[in-house]
1. Could you list all residues from the range 20-36 that are buried (at least 16 other Cβ atoms within 10 Å of the Cβ) and either modelled with pLDDT under 90 or aromatic (Phe, Trp, Tyr) (or both)?
2. Please find, among 141, 58, the residue that is farther than 22 Å from residue 10 by Cβ, assigned by TED's automatic domain parsing to the domain that holds residue 155 and either surrounded by 10 or more Cβ atoms within 10 Å (Cβ to Cβ) or at pLDDT 75 or above (or both).
3. What number goes with the only condition from (1) assigned to a loop (DSSP other than H, G, I, E, B); (2) modelled with pLDDT of 90 or more; (3) not basic (Lys, Arg) that residue 47 does not pass?
4. Within the range 36-54, can one find any residue that is under 27 Å from residue 85 (Cβ atoms) and β-branched (Val, Ile, Thr)?
Amino acid sequence: MPILFYLSSAVAIIATMMVITRYHPIHALLYLVVSFLAIAMVFLSLGAPFAAALEVIVYAGAIMVLFIFVVMMLNLGKETAAQEKDWLRPAVWIGPGILTLILLMEMSILLLAPPQRDVAMAVVTPRQVALSLYGEYIIAVELIGFLLTTGIVGAAHIGKQKKKSLHRFLQA
């Protein structure tokens, strides 16, 4: 089903471009979730359901919770309630909602269609992935853990500052 692959790829590219061009961090995070889901659909359309499940669980799930947590910590102050009301407007959710509905339609087509076995595929079990990650790539896994911990500590430090300082390009 190459059409589903190309459609998922187009959704991923559009969502990623929206991540880059959004000013509000929550808007960018919504599109980033859609981008991760689109990449999972690309994996699913290529016949890699385990990689798709890992994409959804690790990136769209755990990493996005971390990002949203950091954004919430950075937006401390009196204007947070007004910002949250702006983020809940329907105009904010229409773009990610439409892209997610496209992905949902693709997934239902993929799951309901009869399986096509044109390409010989090697089955990779979760045990093989775990042995690889915690065997030869253990240094990379540990370094990523340190990097994420550093990001959380940095966000906590920035969020505790009383004085609000903007970058010189963001100052009105």
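1. Once the filter is applied, which keeps residues that are buried (at least 16 other Cβ atoms within 10 Å of the Cβ) and either modelled with pLDDT under 90 or aromatic (Phe, Trp, Tyr) (or both), the range 20-36 yields 22, 25, 26, 27, 28, 29, 30, 31, 32, 33, 34, 36.
2. 141
3. All conditions are met except number (2).
4. There is no residue in the range 36-54 that is under 27 Å from residue 85 (Cβ atoms) and β-branched (Val, Ile, Thr).
The values are calculated or read from the model by the stated rules, or taken from the named source; none is laboratory data. This one's a predicted model, so the numbers in the text were calculated from it and none came from an experiment. Cβ sites come from the backbone with ideal geometry, for glycine too, and all protein chains shown count toward neighbours.
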